[in-house]
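Colleague: Would you mind keeping the following structure in view while I ask a few things?
The values are calculated or read from the model by the stated rules, or taken from the named source; none is laboratory data. In this text the structure is predicted, and so the values were computed from the model without any measurement. All Cβ positions, even for glycine, are placed from backbone atoms using ideal geometry, and neighbour counts span all protein chains on display. With ligands, DNA and RNA removed, areas are computed over all heavy atoms of the protein, side chains included. Shrake-Rupley method; radii C 1.70, N 1.55, O 1.52, S 1.80 Å.
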Amino acid sequence: DGRNDLFRPKSVGYRAYKYFRVFNRLGEMVYETETIGDGWDGRYKGHKADLGTYFWLLSAEDKDGKVFQKKGDVVLIR
């Protein structure tokens, strides 16, 4: 249906990403970008990733040049 097809941070107030990374439960990085607006499509090495919980890290710079980090988890369902 075209809804929620990408997992990405909302970039309001960010000037630049240092990185946005997604990891599986084994700690393998399944996605990484430095480009605002890009997002993870639920694939790993060209194949649909396993359903389950994934963990993400974001390092970004705000409009004033302050660098900050956020982290969390997301559940992949189809």
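Colleague: Where does each of Glu61, Glu34 land when they are ordered by accessible area, with a 1.4 Å probe and the largest first?
Modeller: Numbers: Glu61 30, Glu34 125 Å².
These residues rank, largest area first, as Glu34, Glu61.
Colleague: Can you work out the accessible area per residue across the chain, with the rest of the protein chains kept in place, probe 1.4 Å, in square angstrom?
Modeller: Result: 73 Å² per residue.
Colleague: A follow-up question, please. Ordering Thr33, Thr53 by how much accessible area each has at a 1.4 Å probe, largest first, what is the list? Don't skip to the end; give the middle numbers.
Modeller: Details: Thr33 15, Thr53 60 Å².
Ranked from most to least accessible, the order is Thr53, Thr33.
Colleague: Right, next: Name the long-range amide H neighbours of Ala16: under 5 Å, sequence gap of 5 or more, or other chain; modelled H, no Pro or chain starts.
Modeller: Excluding prolines and chain starts, which carry no amide H, the hits are Glu61.
Colleague: Could you order Asp62, Asp5 so the one with the most accessible surface comes first? Probe is 1.4 Å. Mind dumping the intermediate values first?
Modeller: On the way: Asp62 35, Asp5 90 Å².
Descending order: Asp5, Asp62.
Colleague: Shifting gears a bit: May I ask for the net charge around Glu61, where only other residues with Cβ less than 13 Å from the Cβ of Glu61 are counted and Lys, Arg are +1 while Asp, Glu are -1? Walk me through the numbers before you get to the answer.
Modeller: Details: positive: Arg15, Lys18, Lys63, Lys66, Lys70; negative: Glu34, Asp62, Asp64.
Net charge in that neighbourhood comes out at +2.
Colleague: Roughly how many percent of the accessible protein surface of the chain is carbon and sulfur, given a 1.4 Å probe and a whole-percent answer? Working shown, then result.
Modeller: Values: 2710 of 5700 Å².
Of the solvent-accessible surface of the chain, carbon and sulfur hold 48 percent.
Colleague: Starting at the first residue of region 9-14, write each ³J(HN,Hα) from the Karplus equation 6.51 cos²θ - 1.76 cosθ + 1.60 with θ = phi - 60°, in whole Hz, x for Gly and Pro.
Modeller: x, 6, 9, 5, x, 8
Colleague: Along each principal axis of its Cα atoms, how long is the chain end to end? Whole angstroms, biggest number first, please.
Modeller: 38, 30, 19
Colleague: Right, something else. Would you mind calculating the relative contact order of the chain from Cα pairs under 8 angstrom and at least 6 residues apart, reporting the percent as a whole number? Write down the numbers at each step before the final one.
Modeller: Numbers: 143 pairs, mean separation 24.7, N = 78.
With pairs under 8 Å counted, the relative contact order is 32 percent.
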